[in-house]
Amino acid sequence: MSFPASNRLLWIVCAVFLDGLAAVFGAALREDIILRWKEHFMSAAAGVMLGVAFMEVFPEALDKGLAPEHAGGAFLVGFFAFYAFEQFFSHHTAEHAVNTQREGHHENHSTIGPSLLFGDALHNITDGVAVATAFLSSVNVGISLALAVFFHELPHETGDYAVLVAHGYSRKRALLWMFAIQMSALIGAVGVYLMASFIMGVVPWLLALSAGGFVYIAAAKLLPSVIAAPASDSGRWGKAMIFLAGLILAGVLRWAFGA
């Protein structure tokens, strides 16, 4: 299936808005559902992200003429860049909020909410850069990457929502802030689009960088949390099957939207 590329800016804005809806979907879920299925959400997201990275984004960088050794180097730089970002801008996770609630007390650190939202904004800007880069390469690749970002943001945003509510934000205020912060991806996306005439030569490099970042998020962030979570044998097999389903979904995206 092929899509017209006559208005890439419209495609980019629509994709960023779709990813912003992850905050709305996450907040719409009841807290008991979030707690029960969070690891399953992350398993699916990890599968989709790894699949899209290796079956769509990285091959596209090679197809655009990037030498394999250069693509591999850019991939590793992207992996390291996301690792460094997490080290410098790490914030409280949903597990912290859950533990706080289980211990029967309610922390009210005024800096937690702003710090979390600031870190999310920076992260979303990088997502916007990746989405816009993919659409500059191909509308089909852009759609696959945008869907992968959405699947990643869904469990991520449910966790952030739980943190904000646990630290004094009302449901409405948390939802509005999360959606607004999600839209910060437009900064990176529109910035890349406006500089398209200057950066088209480095789009293959940016694709390889994005693939490395996706692999870091899936393999170093999502899957370790899934593996560390206590579960019965059937629960572990269930999460493994959902991870496999995410990989298969990425393959379906490649087949459906592949150039």
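Does at least one position in the range 243-254 carry a residue that is over 15 Å from the mean Cα position of the chain (by Cα), within 19 Å of residue 152 (Cα to Cα), surrounded by 21 or more Cβ atoms within 10 Å (Cβ to Cβ) and at pLDDT 90 or above?
yes
Check 171, 254 and return the single one that is touching a helix residue (DSSP H, G or I) at 6+ places or on another chain (Cβ under 6 Å) and charged (D, E, K, R). Steps first, answer last, please.
Numbers: 171 fails: touching a helix residue (DSSP H, G or I) at 6+ places or on another chain (Cβ under 6 Å).
Matching residue, one of 171, 254: 254.
Take the conditions of a type outside the set (S, T, N, Q), closer than 25 Å to residue 213 by Cβ and in contact with a Leu (Cβ under 8 Å, 6 or more places away or on another chain) and apply them to residue 139. Does it pass?
It is false that residue 139 is of a type outside the set (S, T, N, Q), closer than 25 Å to residue 213 by Cβ and in contact with a Leu (Cβ under 8 Å, 6 or more places away or on another chain).
Answer yes if at least one residue in the range 19-28 is modelled with pLDDT of 90 or more, within 19 Å of the chain's Cα centre (by Cα) and not β-branched (Val, Ile, Thr), and no otherwise.
No; the residues of the range 19-28 include none that is modelled with pLDDT of 90 or more, within 19 Å of the chain's Cα centre (by Cα) and not β-branched (Val, Ile, Thr).
Quick one: is residue 163 of a type in the set (Val, Ile, Thr), in a helix (DSSP H, G or I) and modelled with pLDDT of 80 or more?
No; evaluated as a whole, the condition is false for this residue.
Is there a residue in the range 48-70 that is out of contact with any Phe, Trp or Tyr (no Cβ under 6 Å at 6 or more places or on another chain), among the aliphatic types (A, V, I, L, M) and either loosely packed, with under 15 Cβ neighbours inside 10 Å or outside any helix (DSSP H, G or I) (or both)?
Applying the first criterion (out of contact with any Phe, Trp or Tyr (no Cβ under 6 Å at 6 or more places or on another chain)) to the range 48-70 yields 50-52, 54-70.
From what is left, the residues that are among the aliphatic types (A, V, I, L, M) are 50, 52, 55, 57, 61-62, 66-67.
Then keep just the ones that are either loosely packed, with under 15 Cβ neighbours inside 10 Å or outside any helix (DSSP H, G or I) (or both); that gives 66-67.
Checked against the condition, which is being out of contact with any Phe, Trp or Tyr (no Cβ under 6 Å at 6 or more places or on another chain), among the aliphatic types (A, V, I, L, M) and either loosely packed, with under 15 Cβ neighbours inside 10 Å or outside any helix (DSSP H, G or I) (or both), the range 48-70 yields at least one hit.
Quick check, is residue 154 closer than 18 Å to residue 25 by Cβ, in a helix (DSSP H, G or I), at pLDDT 85 or above and of a type in the set (A, V, I, L, M, F, W, C)?
Taking the combined requirement at face value, the residue does not satisfy it.
Only one of 231, 218 is surrounded by 13 or more Cβ atoms within 10 Å (Cβ to Cβ) and not in a helix (DSSP H, G or I); which?
Result of the check over 231, 218: 231.
Among the residues of the range 172-192, write down those that are surrounded by fewer than 21 Cβ atoms within 10 Å (Cβ to Cβ) and not aliphatic (A, V, I, L, M).
We begin by selecting, within the range 172-192, every residue surrounded by fewer than 21 Cβ atoms within 10 Å (Cβ to Cβ); these are 172-173, 175-177, 179-180, 183, 186-187, 190-191.
Selection gives 172, 173, 177, 179, 191.
Does any residue of the range 145-155 turn out to be buried (at least 20 other Cβ atoms within 10 Å of the Cβ), of a type outside the set (Gly, Ala, Ser) and closer than 23 Å to residue 65 by Cβ?
yes
The values are calculated or read from the model by the stated rules, or taken from the named source; none is laboratory data. Owing to the predicted nature of the structure, the values given are computational and were not obtained by experimental measurement. Here Cβ is always computed from backbone atoms with ideal geometry, including for glycine, and neighbour counts include all displayed protein chains.
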